[in-house]
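Worksheet for the structure shown next.
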Amino acid sequence: MIIDSHMHIGREELLTPDMVQFLKQKNIWNDIRQKISPEGVIANLDRCEINRGVVFPLTFMPPNGEWQKLNDMTASYIRSYPDRLIGFAIINPDKIQDSLRELNRCQVELGFKGLKIHPSLQECFCNSDTLFPIYQYCQDHNFPVLFHTGASLPSHSDKYSHPILLDDVAVKFPELKIIVAHMGRPYYQDTALLLRKHKNVYADICANEGRVGGTLLLENALAWIKIYADGVKRLLFSSDYPVFDPLIGLNALNTIRHERTLPNSNIPIITDSEYEAITSLNLLHIIND
Ligand SMILES: [Zn+2]
């Protein structure tokens, strides 16, 4: 079983102008409506021979201000494909009481399995104490939180998304399951610190295709995390669909698994049991499935 633990969905009219510009710049605007539709997501999972996907919106603060509607949208996807899609909720960091009610609705009524926070797009520091009631809810209700970390859109500041800020969250909420998206790209050493220090911190691997050098960027990130933290066993396969193609990511992971060892050694960067953890077991454990 292969699970892609980071996929974006949406409707064209709910995308913010900066997101539209970003998608055009990345040359993935063509057929975007189809790609991020329920059928498009499933067709791409099938094409890549991936069994299940974790889905949440491309944008977090929609132009019409109706952020709860985005959770209704996610719910409609997982209702259509309950065996294939796993929903993650979004909140509004400027409206904590409303967000707490919404989290409860998402978990109890809509059947979501976690929360996604994008500190850069939502312009909030993940370690701000205004968010602590949210983390308390998630810790108490076994609801994992996936945080965007590292580089983001050119239109938003990345000061909000530095992975080291999550150290503060993990110290204060030691039982909260935290997923560091993109392994903190390019702050892999900070992510290695988090994985070494905190047993409930995981990281997803997507969006680490280098500008040059094939799989070298991903390999280097994995090597840092393995050497410093022995943390490869707590990574999650993910694609950041539709921004990146899941098949390219999966092929890169397999190339590294079969052909790459740590520098100056014969230790594989990814063992077979780590591969199984990365591609399905960790996510199933995190969401209690
Ligand atoms: Zn993403």
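The table below gives the values:
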| item | result |
| --- | --- |
| GLY214 under 30 Å from ASN27 (Cβ atoms) and surrounded by fewer than 20 Cβ atoms within 10 Å (Cβ to Cβ) | yes |
| Criterion: aliphatic (A, V, I, L, M), touching a Ser or Thr at 6+ places or on another chain (Cβ under 9 Å), closer than 24 Å to SER152 by Cα and at pLDDT 95 or above - qualifying residue of VAL54, VAL41 | VAL54 |
| Subset of region 4-21 (residues that are in contact with a helix residue (DSSP H, G or I) (Cβ under 9 Å, 6 or more places away or on another chain), within 18 Å of ALA151 (Cα to Cα) and in a helix (DSSP H, G or I)) | ASP18, MET19, VAL20 |
| Any hit, region 83-103, residues being of a type in the set (Gly, Ala, Ser) and over 25 Å from ILE286 (Cα atoms) | no |
| Residue tally, condition in contact with a helix residue (DSSP H, G or I) (Cβ under 8 Å, 6 or more places away or on another chain) and at pLDDT below 95, over region 247-267 | 1 |
| Number of the condition not met by VAL169 [criteria: (1) closer than 20 Å to GLN122 by Cβ; (2) aliphatic (A, V, I, L, M); (3) not in a helix (DSSP H, G or I)] | (3) |
| Selection within region 22-45 - assigned to a helix (DSSP H, G or I), away from the ligand (no atom under 16 Å from the Cβ) and farther than 22 Å from LEU236 by Cα | LYS24, ARG33, GLN34, PRO38, GLU39, GLY40 |
| Pairs, first free of Cβ contacts under 8 Å to residues at least 60 places away in the same chain and among the acidic types (Asp, Glu) in region 258-282, second in a helix (DSSP H, G or I) and surrounded by 11 or more Cβ atoms within 10 Å (Cβ to Cβ), C-beta under 9 Å, six or more apart | ASP272/ARG257; GLU274/LYS226; GLU274/VAL232; GLU274/LYS233; GLU274/ARG257 |
| Exclusive hit being touching a His at 6+ places or on another chain (Cβ under 9 Å) and surrounded by fewer than 21 Cβ atoms within 10 Å (Cβ to Cβ), set ASP158, ASP140, ASP167 | ASP167 |
| Residue under evaluation ALA203, criteria (1) surrounded by 19 or more Cβ atoms within 10 Å (Cβ to Cβ); (2) within 16 Å of the chain's Cα centre (by Cα); (3) away from the ligand (no atom under 16 Å from the Cβ), criterion not met | (3) |
| Scan of region 59-104 for residues that are within 23 Å of PRO17 (Cα to Cα) and acidic (Asp, Glu), ordered by number | GLU66, ASP72, ASP94 |
| Any chance THR59 is crowded, with 17+ Cβ neighbours inside 10 Å and in a helix (DSSP H, G or I) | no |
| Those residues of region 23-56 which are aromatic (Phe, Trp, Tyr) and either exposed (fewer than 15 other Cβ atoms within 10 Å of the Cβ) or over 25 Å from VAL145 (Cα atoms) (or both), in sequence order | TRP29 |
| Matching helices (runs of 4 or more DSSP H) fully within region 64-160 where at least 3 residues are away from the ligand (no atom under 16 Å from the Cβ) and either in contact (Cβ under 8 Å) with a residue 12 or more places away in the chain or hydrophobic (A, V, I, L, M, F, W, C) (or both) | 67-80, 96-104, 132-140 |
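The values are calculated or read from the model by the stated rules, or taken from the named source; none is laboratory data. All of these numbers come straight from a predicted model, not from anything done at the bench. Neighbour counts run over all protein chains shown; Cβ positions are idealised from the backbone, glycine included.
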